[in-house]
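As structure tokens, the structure follows; a few thoughts come after it.
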Amino acid sequence: MTAGSALAQRDARRDDGRPPRQMKDDERQRMRDDIRDAYRERQGRPERPRQMSPQERDKLRQDLEETNRQLRRK
């Protein structure tokens, strides 16, 4: 955080004109821990598979149909 943004936050006011409530140290630490945990969980998840193009879906469907036909013949 830069000094300018820290000062801008200090002068921020709520809609009703009151200054914002300052976070307590334990609230701030809890928020840091929550963010860190969420980031770690996201790192462990596998990437979302990319969407197949219509041509790729068509090819996959054809391959599956052909494989099924071959299995039935056996």
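What follows draws every value from the coordinates through simple rules; no lab data is involved. Just so it is clear, the structure is predicted and the values come from calculations on it, not from any experiment. Every residue, glycine as well, gets a Cβ built from its backbone with ideal geometry; the counts of neighbours run over all protein chains shown.
Each Lys or Arg adds one and each Asp or Glu subtracts one; over the other residues with Cβ under 12 Å from the Cβ of residue 23, this totals +2. What does the charge count around residue 71 come to, taking other residues whose C-beta lies under 15 Å from its C-beta (Lys +1, Arg +1, Asp -1, Glu -1)? Residues near residue 71 contribute +1 overall.
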